[in-house]
Amino acid sequence: MNLHEYQGKALFAEYNLPVSKGKIIFKAEDVIEACNEIGGSKWVVKAQVHAGGRGKAGGVELIDDPNEGVKFANKWLGKNLITYQTDKDGQPVNSILIEECTEIVKELYLSAVIDRESQKIVFIGSCEGGVNIEEVAKNAPEKIIYQGVTYGDKSLPEDATNIAKVLKLDEKQTDQFLPIIENLLRLFIEKDLSLLEINPLVINEKGDLHCLDAKINIDSNALYRQPELQDMYDESQEDPQEAEAAKSDLSYVSLDGNIGCMVNGAGLAMGTMDTIKFFGGNPANFLDVGGTATQERVAKAFKIILKDPEVKVVLVNIFGGIVRCDLIAEGIIAAIKEVDINIPVVVRLEGNNAEKGSKILSKANIKIESINNLSHAAKKAVELAK
Amino acid sequence: MSILVNKDTRLIVQGFTGSQGTLHSEQSIEYGTNIVGGVTPGKGGQIHLQKPVFNSVEEAIKEVEPNASIIFVPAKFCKSSIIEAAQAGIKLIICITEGIPTLDMLDIKKQIDELGVRLIGPNCPGVITPGEAKLGIMPGNIHKPGSIGIISRSGTLTYEAVKQTTDLGFGQSSCVGIGGDPIPGSSFIDMLKLFEEDDQTEAIVMVGEIGGNAEESAAEFIKSNITKPVISYIAGKTAPAGKRMGHAGAIIAGGKGTAEDKIKKLKECGVHIADNLVSIGSKVDEILKS
């Protein structure tokens, strides 16, 4: 689960990290009061969406008159911001973060992730911030450090110093940096993060380190023990079908093609998409209907797939393991009748009682192509989608 | 021979009396697995599926001398269940449960490594040695004793590989689902080592997917350490970047972990690639008959 910048910064403040004084507003008429409350004569207004690249897309502005902030809010609130990280429709802007302006002397990069290979939390730092870090990794890898850390480990100060060197921090900044690393690591562990990114971490005109951005992802598997973070979930930033699927505990990702896919198992679902592509078709989605594939879940899955107007045919691919294919077949028939589907459905059943299952499907008085060979089933779906 | 489990495996089930534990234990017993008991705190002394129930793994060890444990408890209790089994002295733990927080797995992995315990999973179908023992949720009837060792990050894709190698008459020595999480208890490399040493295994099928670099590391390992033919299929060529594809570990992040990169690396290291999921079996056939 992703957080907005303002939510991330609230967490930063809770963990004593240096962030700007700011206010979040949801209505344009609140801008002036917010600017007055923050004080000063210059502010930054930042559209809040779950995507990077906001600055270049016009979603961040520097203002020296609160009325310009009102104009900015009127321009963006309720609209979609399109950046290089969003799809073509962009992400809806429902709130704007107003902050006191920070004089930037230098921009740096700092992030933390769980590294699969070393099986540690790893900090990634670079003296080049405010830019796309993947570009830096490609063009100037010597400017990036990957430093594994362990909370409570005696070597943490040394690890932090290693990063500080690559960030080219002076003595005072290095002293500030150690508690920053400690607090970020504590935040990462206590809040079950999977990613934390500060791009840019800046040096301000006083020569102090300051967190100018905050990107935070939370491990969805750990949300059960993070109730206050659960409340920060913003459904408006999710693909509506994906959000709908998530509510039914179905794993769904929408894609650009026109062949709807319903599969049991995440690996097989990806394999099915690849098979469709292999035979010249284009999958409309990834969908893992789960191990049990009951009528209820299959019906729900059909409803989600069919909300995509591009879908011309649905390929159902089920490997019946513990649940027998004849039972799954009955569930599919009942679900198709329940949802009232009027596009072709190709069903491939394999595994336990597969033949019995396909017999039930072919005898049913509905439009189903029952094909037990996956290549043939995929080819048929590709043909029907043309 | 086989790897990890066989007819001498004495298994206990943690989460024995729950719905998942009960369903899959019944099927495993029917398959011939020697389940010697189960653990459900607070239900010690009861009999379930004609086997004794214990309050703790320690109690079970004293009474029925198990040498392996399978875990079906909910994700939030998995850390304590795995650590309990490991500290009590069980050397092989299989965790089926999906949804364990990644930071829990970092802790678990550190502790089991220190204790010298082998963990398979989590978020996996388990391990089967056809005809001998089934420690997991896979359908037993598609397997057949034979010569192919199978390792996979995905459940149903493993079943596809099993079905195809059974239909072509090869059968399997053992099949291991290492699971779809970012931090698995055991890696492809751990299992490749075991299959290399196993006399019964003539070829190894490795089913991978997008995300991380486990396949790339395995490719390097295969190049210098594995003499048996390895056939690999990688799922997720059509997966978009930055989206989690069901499994917690199946995500292309920062342009890394794509199917193309994995396939390229595997090919460079001499691994045979099945370029379509329906051709895993025929690729094995082609390699073993050439």
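Quick note: the coordinates plus some simple rules give every number you see, no bench work behind them. Nothing here was measured: the structure is a model prediction, and the numbers come from that model. For neighbour counting, all protein chains shown are included, and Cβ atoms are generated from backbone atoms with ideal geometry for every residue, glycine included.
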Taking only Cα atoms and a 10 Å spring cutoff, compute GNM fluctuations for chain A and point out the largest among A:37, A:134, A:369. A:134
Could you pull the Cα extents of the range B:143-188 along its three principal axes, largest to smallest, in whole Å? 34, 16, 11
Go ahead and set up a Gaussian network model of chain A, Cα springs under 10 Å, then flag whichever of A:119, A:85, A:230 fluctuates most. A:119
Cα-based helix-to-principal-axis angle, A:325-339 vs chain A, degrees rounded to 10: 70
Which number do you get for Rg(Cα) / (2.2 N^0.38 Å) in the protein assembly as shown? 1.02
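Stokes-Einstein D for the range B:11-120 at 37 °C, 0.692 mPa s, Kirkwood Rh over Cα pairs, in µm²/s? Could the numbers behind the result be given before it?
Details: Rh = 13.7 Å.
D, rounded to a whole number, is 239 µm²/s.
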Among A:81, A:250, A:196, which one shows the biggest mean-square fluctuation in a GNM of chain A, springs joining Cα atoms closer than 10 Å? A:250
What relative contact order, as a whole-number percentage, does chain B give when Cα pairs under 8 Å and 6 or more residues apart are counted? 14
For chain B, the longest principal axis of the Cα atoms and the Cα long axis of helix B:19-31 enclose an angle in degrees, to the nearest 10, of 80
Rounded to the nearest 10 degrees, the helix B:280-289 long axis (Cα) sits at an angle to the longest Cα principal axis of chain B of 70
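Using only helices, what value at 222 nm comes out for the protein assembly as shown when you add -39,500 (n - 2.57) per DSSP H run of length 4 or more and divide by the total residues, to the nearest 500 deg cm²/dmol? If you can, show how the numbers build up before the last one.
On the way: 22 runs with 245 residues, N = 676.
Theoretical 222 nm ellipticity from helices: -11000 deg cm²/dmol.
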Would you list which aspartates and glutamates come within 13 Å of residue B:265, measuring only between C-alpha atoms, while excluding same-chain residues fewer than 8 positions from it? B:215, B:216, B:220
Loop sites in the range A:173-243: GluC sites (Glu not before Pro), DSSP, at most 15 other Cβ within 10 Å: A:205
Cα gyration tensor of the range A:268-362, axes a ≥ b ≥ c as square roots of the eigenvalues: rounded (a/c below 1.5), prolate (a/b > b/c) or oblate? oblate
Just to be sure I understand: of the beta bridges DSSP finds with both ends in the range A:239-385, what percent are antiparallel, rounded to 5? 20
Looking only at aspartates and glutamates whose Cα falls under 15 Å of residue A:386's and that sit 8 or more positions away or on another chain, we get A:256, A:310
Per the 1/(1 + (r/R0)^6) rule, R0 = 30 Å and r from the Cβ atoms of residue B:1 and residue B:26, FRET efficiency to 0.05 is 0.60
What is the distance in Å between the Cα centres of the range A:224-276 and the range A:58-84? 31
Long-range amide H partners of residue B:185 with built H, under 5 Å: B:121
Within the set A:215/B:109; A:143/A:206; A:138/B:267; A:356/B:51; A:154/B:223; A:247/B:76, which residue pairs have Cα atoms separated by over 30 Å? A:356/B:51; A:154/B:223
What fraction of the DSSP beta bridges in chain A is antiparallel, stated in percent and rounded to the nearest 5? 75
Mind computing the radius of gyration and Dmax over the alpha-carbon atoms of chain B? Å is fine for both. 18.4, 58
In the range A:5-94, what trypsin sites (Lys or Arg not before Pro) fall in a loop by DSSP, with at most 15 other Cβ atoms inside 10 Å? A:21, A:27, A:42, A:56, A:79, A:88
Looking at the protein assembly as shown, what % of its DSSP beta bridges pair antiparallel, to the nearest 5? 50
